[in-house]
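Can you read through this structure? Questions will come right after.
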Amino acid sequence: MIVIETTVYVSVANNSYSYVPLGTPCEFELKMNSEKARIFERLFLQIDSLEFHNAVRAHLPYLPYHLDESNHEIDSRIAKIYALIHEFGDDDTKEFVEKLPYFN
């Protein structure tokens, strides 16, 4: 199997990644193979699903927001995304990610 390293543009704020720079801004430019880049797609889709669950839950006043398990699941996915960004980012990116609260 041939593994080709490519540039991946990631926007955590927009829950997206791309192999070409698009009109939307990206926060990170990473060098990685396309198979590993697909992990971003899976994580972003999981976050979208969990956020939909949160939107539904917001209409249930008897379930406090801070006790909702899906919030913790979203945080877990975001931490995984930043771990990938750290792994494949340049030195400046790694330094930035290491300052985030997920890595304290």
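The values are calculated or read from the model by the stated rules, or taken from the named source; none is laboratory data. If you're wondering where the values come from, they're calculated on a predicted model, not measured in any experiment. Heads up, the Cβs are rebuilt from the backbone with ideal geometry, glycines too, and the neighbour counts pull from every protein chain shown.
In region 51-77, what count of residues is obtained for those that are at pLDDT 80 or above and of a type in the set (D, E, K, R)?
4
From the set of residues in region 40-50 that are under 17 Å from E27 (Cα atoms) and not aromatic (F, W, Y), which is modelled with the highest pLDDT?
So, considering only residues that are under 17 Å from E27 (Cα atoms) and not aromatic (F, W, Y), the one modelled with the highest pLDDT is L43.
Still on this structure, I have one more. How many residues does region 14-63 contain that are loosely packed, with under 14 Cβ neighbours inside 10 Å, in a helix (DSSP H, G or I) and touching a residue at least 24 places away in the same chain (Cβ under 8 Å)?
Result for region 14-63: 4.
Another question, if that's okay. Out of (1) modelled with pLDDT of 90 or more; (2) of a type outside the set (A, V, I, L, M, F, W, C); (3) out of contact with any helix residue (DSSP H, G or I) (no Cβ under 6 Å at 6 or more places or on another chain), the odd one out for E5 is which?
For E5, the failing item is (1).
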